[in-house]
Amino acid sequence: MSKLSFTLAQEQAIHQSGTNLLVAAGAGSGKTRVLTERVVLRLTEGVSITRLVVLTFTNAAADEMKQRIKEKIAKIPQLSLELRQIDTAMISTFDAFALRMVKQYHYLLGLDKEIDVVDNVILADLKQRCLKDTLDRHYALDDPLFSKVAIQLFDRGDRLLQEGVIVLADGLEMIANQQTYLDEMIHLTNDREKNQLIDAFYKLCQEHLHDIRSLVQETLEEANQIDHEKVQRFSEQITCQYDPLFSAMTLDELMVHLSKWKNPIFPRASDFLPAEELEILKARYEQTKERLNDLRTLFKTLMCDSVSEMKADLSRLTDTIQVVVAITRDYLSLLEQRKREQSLFHFTDIMHLAIRLFQNHPALLREFRTQIVEVMVDEYQDTNDLQEYLLEMIADNNLFAVGDIKQSIYGFRNANPQNFLKKYQDYCQNIHGEAISLTDNFRSRKEVIDAVNWVFSQVMDAEIGGIDYHDDQRLVASNTSYETYFNANQSATPDILLYERTDQEPLCASERLEAEALAIKNDIIHKINTKYQVYDPQLKVLRTVHFSDFAIIVDRKTNFPIFQQALVSGKIPVLARTETPFSASEEIVFLIQFCTLLKDMYNQNISDNFRQSLIGISRSFVYQIPDDNIVNLFLDVPFQDFSETTYLTSIPEFIPIFTDLEAILPFLDQLPLTDIIQHIYQQTHLTSKIAFLDNPEMREQKLDYLYQKVGMLPQMDFFGFCDYFETISSLDDLDVDYTETLEKNQIAVQLTTMHKSKGLEYAICYYPGLTKFFNYRENKQHFIFSKKYGFFAKSFHNGFKKTLLHLLYENDSYREYVSERIRLLYVAFTRAREKQVILLPKDLLIHQPTPFEEPSLLPLRDRCKIRSFSQLLSKLAFPLSWRKEANLESDLALEQPVSEQKEVPAIQYETFLYPVCEQLTESYSKSDESLWTESEKAAIEYGKDLHETLQYFDFRHPELALDQLPPERRKMIQNLMKQTPFDDLEHKTIHQEMPFIYERGQKRHQGVIDLLIIGEDEAWIIDFKLKNVTDTAYVRQLDGYLTYVEEMTGKPVTTYLYSLLEHSLYPMGGNEK
């Protein structure tokens, strides 16, 4: 490739050597191409491929890198030897590189040569057993200090003590020298350490005061615009009240002022002081009060009257931290011993072993560094602290790293963008290396790049986002092909599609998403019908848009079904790029439940999961037994005793289940696990019946993967297999390690998340769901580990309470969370080649652009507290030319069938099978072992009829609906509608029998909410039950509903249970708990 094909900055990145280099490569700047070219250059200079280390973060990226290098050097005859060696070269992920080193020098670590990475579920089970054994040992030691702390932390068991060990052990995973770290851990025993924390907290308070001072000044300026005596007195009260606050020199002084605080009274409107004149002033004053309340909340949380009390709270942590650290040392020692004995290691363990290998054998490290000419790293912004530590060891002034801190979005995987930032700052000053910036973007049209720069120059800086966007971070549109290939009748500037209700009422969260989905569907149809033109970078022509040119990029996948339904209704093919948790996929759920029944039948025992598993496989796609038959079965048989399982043979619909179970039973203790799994597949016809489900090819891949996986675990028998999945269900964020293979080049609209979109590009990108509140979860654990603040817990003084450490940690955590969200938005906005389409409610864009005024950075206070992307974007004065009315017509259709649709083998439209009989064991099973009486059966049937009445009752027009009911039921519903949730129903949104699904970590939660009422400021969930409304299972179920609705609406939620047999409404939790 000629030099003319690269920019000057790219040429520098390819050719410069003799020192460490960090290439800050903006989106679409060709960083992978540069990295590939640099490798090829080294090879042409005579460096063997075996003397280069190239590290990436995914196997796919490593394979792509190898393929690119192969294609390049295959054209160079003198590099034929390198071509033959490339498959064994050190071009791999960090994990694969570490494993290669550990295997190669296993004898120096005292390990078996065949060491490999174990399944994370097996490792989780080992951790649980080691923790139990460690705690049992400490209980047996009769140590007074341990006993004191254990008693203080007792909470219906040693849950908090276990939590402390787990939190500390997990935090230490990213620490290379764990024992040294524990030795040096701050125990807050001296005043110097406490004073440092006091100073940090005072600095935090000063940040609040700085914002409050600015807001007070703005309030006073607004007040000066109103010439009225009341307003002037109000201004004087503000000055008198706030000035002493700003003059406070110490925390103690500040606390005194805040403890006596009274807000100045805002002037009332009158004939001589119209309300409209006060509107802007009141809004500014409310901002001031809100910020002041944030400051007051900090001190209220601490429940301290002085700095000395704050220090005392820190001192009270010493014993607890000392005990938990001691337990954790023993736990980690036992865990490592058993890992070695059983050869059970995970990727993090392998990384630690690789580091230990080089630490304990300096001669080996010197030899390795001598052999390696260059260490190259792709996506350097995604390194975690262990990977950074390893890089510092193996690189010897020969590190070449490529990345972009603006695209660091994997904090949940322990990625630390500070690794990139520290090097960037140093190298920019020629300290230990040099920095090169690639800002030329070859992906997108100039209008797209201009929009990215316009937005992020106002929202991203070192404080929020991690880097100053004005510091050589602005992108430059450099693809000259767009200057040749364009349609003069089209605009490439972004569209902001604005929508609102026709009745001027605000839309709730679900209605906003439905409106956005409809607007997107119509916009795609319009572009297809009008033959919208896009540039094809492969064909190098301007062509008519295809379905696959469109992408819908959302923050989270929980609302995929809304967009899928809208597109499918318009006959638009859609491919959802998401991964269902492995153990939540229908075919795997069936297998797990089938094995649960097998285990119980083998043991001739009815376990807690028997009934749920029997219901599950009965309703499954394999047996498809109607719900009424299942209900009748459980009415007739409580399944409290194993002998009752034979009853299945007397009901024709259930005979296939019993027959299949009986056919497999004899093999459980005779055949290897792989043969048993294969027998289950064959006996139940599982692999053929997945044809009833969407995307059967993907499901077949999962079943094959599971079969192969158990084959790699020869020590696991059938009962261990059952325990394996029980471990998954008992622990959050744990699942089978599996990555779905997504089909490429399908001609369909792409539906993906912002995270999944990284590394991809699309012609036209839609950005809906921006009004959804962030999924931030405050760390409410008793123990917290922080690299900056160490390991700490709540302090005990007349009960547990937070300390300074919590407030400092929470402030830093949320600020970094917001920074990552802004970087995530940057990733999403830079995926578009031709056009960005943003969807927002019309009432959010209140700022009008000022002519000739350059956009400037938003104040920190407007960015660090945002709760959604729309809160951030609403503060920008978007150009009027970007703003468009969204088309919400419901009957817009494609003008003619599109032949491309035939090429799509299947629309990736997920179907959700909701467990409508989830609470059968609660509602229809007896607490004793007797069968249902005839009167009880009659009562249950009566309750079912009432449930159906409520299910279809028209709460919008209750008078008409009540007239259609018999007197008894009319009275029941009239009494129900006297309750608080039913007040002012005409201004509320009502959902009956609303199915839902959401995911938390690797877990899928799903169900059907009987009645959901959403008001302007809060929401209510009402679930209908026959009786036993105090059952704790119902509480857990409603808590799940509550979590989903709070996330969907962003409003406080109250849950109720309505007893159908008692005609009573019981508050269960949430806002009234």
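The values are calculated or read from the model by the stated rules, or taken from the named source; none is laboratory data. If you're wondering where the values come from, they're calculated on a predicted model, not measured in any experiment. Neighbour counts are summed over all protein chains in view; Cβ atoms, including those assigned to glycine, are modelled from backbone coordinates with ideal geometry.
For this structure, a couple of remarks:
- Single condition Ser478 does not satisfy, out of (1) farther than 17 Å from Ala401 by Cβ; (2) in contact with a helix residue (DSSP H, G or I) (Cβ under 6 Å, 6 or more places away or on another chain): (2)
- Hey, Ala584 farther than 18 Å from Gln750 by Cβ and in contact with a strand residue (DSSP E or B) (Cβ under 7 Å, 6 or more places away or on another chain) or not: yes
- Residue in the stretch 264-275 that is at pLDDT below 90, out of contact with any Leu (no Cβ under 8 Å at 6 or more places or on another chain), assigned to a helix (DSSP H, G or I) and outside the structural domain of Tyr809 (by TED's automatic domain parsing) present: yes
- When the criteria are applied in full, Leu131 meets the requirement of being aliphatic (A, V, I, L, M) and either in contact (Cβ under 8 Å) with a residue 60 or more places away in the chain or assigned to a loop (DSSP other than H, G, I, E, B) (or both).
- Of the criteria (1) within 24 Å of Gln750 (Cβ to Cβ); (2) loosely packed, with under 13 Cβ neighbours inside 10 Å; (3) acidic (Asp, Glu), which one Glu483 fails: (1)
- Test: residue in the stretch 178-186 that is of a type outside the set (A, V, I, L, M), exposed (fewer than 15 other Cβ atoms within 10 Å of the Cβ) and over 30 Å from Ala98 (Cβ atoms): no
- In the stretch 624-646, residue modelled with the lowest pLDDT [restricted to those that are within 39 Å of the chain's Cα centre (by Cα) and either surrounded by 18 or more Cβ atoms within 10 Å (Cβ to Cβ) or among the aliphatic types (A, V, I, L, M) (or both)]: Phe634
- Residue check for Leu475: at pLDDT below 95, in contact with a strand residue (DSSP E or B) (Cβ under 7 Å, 6 or more places away or on another chain) and aliphatic (A, V, I, L, M): no
- The number of residues in the stretch 360-375 being free of Cβ contacts under 8 Å to residues at least 12 places away in the same chain and either more than 28 Å from Glu336 (Cα to Cα) or under 36 Å from the mean Cα position of the chain (by Cα) (or both) comes to 2.
- Condition broken by Ala488, with the remaining ones in (1) on the phi > 0 side of the Ramachandran plot; (2) exposed (fewer than 15 other Cβ atoms within 10 Å of the Cβ) satisfied: (1)
- Filter result (crowded, with 24+ Cβ neighbours inside 10 Å and not in a helix (DSSP H, G or I)) within the stretch 379-419: Glu379, Thr383, Phe400, Ala401, Val402, Gly403, Asp404, Ser408
- Each residue in the stretch 948-978 was checked for being surrounded by fewer than 16 Cβ atoms within 10 Å (Cβ to Cβ) and under 15 Å from Glu1062 (Cβ atoms), and 3 pass.
- Residue tally, condition within 21 Å of Asn263 (Cβ to Cβ) and in the same structural domain as Val323 (by TED's automatic domain parsing), over the stretch 179-214: 0
- Looking at Gln237, Gln232, Gln241, Gln217, just one residue is closer than 22 Å to Pro859 by Cα, in a helix (DSSP H, G or I) and either assigned by TED's automatic domain parsing to the domain that holds Trp261 or modelled with pLDDT under 95 (or both), and that residue is Gln217.
- Residues being among the acidic types (Asp, Glu), surrounded by 17 or more Cβ atoms within 10 Å (Cβ to Cβ) and farther than 25 Å from Tyr776 by Cα - total across the stretch 823-871: 1
- Any hit, the stretch 562-577, residues being among the small types (Gly, Ala, Ser) and in contact with a strand residue (DSSP E or B) (Cβ under 7 Å, 6 or more places away or on another chain): yes
- Only one of Lys282, Lys260, Lys230 that is free of Cβ contacts under 8 Å to residues at least 24 places away in the same chain and over 41 Å from the mean Cα position of the chain (by Cα): Lys260
- Whichever residue in the stretch 314-348 is among the hydrophobic types (A, V, I, L, M, F, W, C) and over 31 Å from the mean Cα position of the chain (by Cα) and, among such residues, is farthest from Lys132 (Cα to Cα): Leu314
- Looking only at the stretch 825-875, and only at residues there that are aliphatic (A, V, I, L, M) and touching a Pro at 6+ places or on another chain (Cβ under 8 Å), the one that is farthest from Asn441 (Cα to Cα): Leu839
Conditions tested, residue by residue: (1) outside any helix (DSSP H, G or I); (2) under 30 Å from Ser444 (Cα atoms).
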{"position": "Phe563", "(1), (2)": "no, yes"}
{"position": "Ile572", "(1), (2)": "yes, yes"}
{"position": "Glu587", "(1), (2)": "no, no"}
{"position": "Tyr602", "(1), (2)": "no, no"}
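- Unique residue being buried (at least 18 other Cβ atoms within 10 Å of the Cβ) and in the same structural domain as Arg867 (by TED's automatic domain parsing) when the list is Tyr776, Tyr766: Tyr766
- Residue tally, condition within 41 Å of the chain's Cα centre (by Cα) and under 21 Å from Asp294 (Cβ atoms), over the stretch 192-227: 23
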